[in-house]
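Here is the structure we will look at.
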Amino acid sequence: MSHTSYASRIITATPEEIWPLIADFNGLPKIHPAISASELEEGATESKVGVVRKLTLPDGAVRERLVKLDKASRELHYAILDGIMPVTDYVAVVKLSPKADGTTLAEWWADFKVAAGHDEQEVAQNVSEGVFATCLQNIAQKLAK
């Protein structure tokens, strides 16, 4: 069965101010406290479609591929290739939408299947709260005016 995890937050910064933190595919350690390192594979040095990053977490690693990086619409799409997360067919989107008052609606969601033997609700909640909401909160704190 497919699941969707979702988190959103109004951030008191413009999409232009937030985008560099999202668009840096190798920069997740800057916005998530549980990620101690990120390394682009195969000698890659920049965030471009197709690049793979390996994230180091307290209990293992996750490899993800950058699927789409759209500066105009401020959207980043990525897929989990393998690693410690008990998910398959995982594709996530981060989207920044400007609001009239100069703030930004930051949304992050993923569609995925939970691996057999794992609690589906627990995995979905860990993704939405432990990954997405945590990152968005850290971005908001970094850019607080």
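No lab work stands behind these numbers, since they all come straight from the coordinates. Note that the structure is a prediction, hence the values are computed from the model and not measured. All Cβ positions, even for glycine, are placed from backbone atoms using ideal geometry, and neighbour counts span all protein chains on display.
P(r) tail, region 2-142: Cα-Cα pairs separated by more than 23 Å, 30% of all pairs.
Taking 25 Å as the limit for the C-alpha separation, the pairs 30/68; 68/113; 30/95; 30/113 exceed it in the case of 30/113.
The slack in the chain from residue 97 to residue 1, taken as 0.36 nm per residue of separation less the alpha-carbon distance, amounts to 31.6 nm.
Couplings 3J(HN,Hα) of region 43-59, computed from phi: x, 5, 10, 9, 7, 9, 3, x, 5, 10, 10, 10, 9, 9, 10, x, 10 Hz, in residue order, whole Hz [Karplus 6.51 cos²θ - 1.76 cosθ + 1.60, θ = phi - 60°; x for Gly and Pro]. Just grab the label-to-label distance for residue 138 and residue 14, each label 7 Å out from Cα along the Cβ direction, in nm (one decimal). It works out to 2.6 nm between the two label points. Computing FRET efficiency as 1/(1 + (r/R0)^6) for residue 45 and residue 70, where r is the C-beta to C-beta distance and R0 is 22 Å, gives about 0.60.
Loop-located trypsin sites (Lys or Arg not before Pro) across region 6-74 with a Cβ neighbour count of 13 or fewer within 10 Å are 48, 71, with loop assigned by DSSP. Charged side chains reduced to their Cβ positions (Lys and Arg at +1, Asp and Glu at -1) give the chain a dipole of some 440 debye around its Cα centre.
Sequence-ordered 3J(HN,Hα) estimates for region 129-137 from the Karplus curve with 6.51, -1.76 and 1.60 and θ = phi - 60° stand at 8, x, 9, 5, 4, 4, 4, 5, 5 Hz, glycine and proline given as x. The distance separating the Cα centre of region 104-131 from that of region 61-102 comes to 13 Å. Straight-line cross-link partners of residue 142 among the aspartates and glutamates, defined as a Cα under 16 Å from its Cα and at least 8 positions apart when in the same chain: 16, 17, 24.
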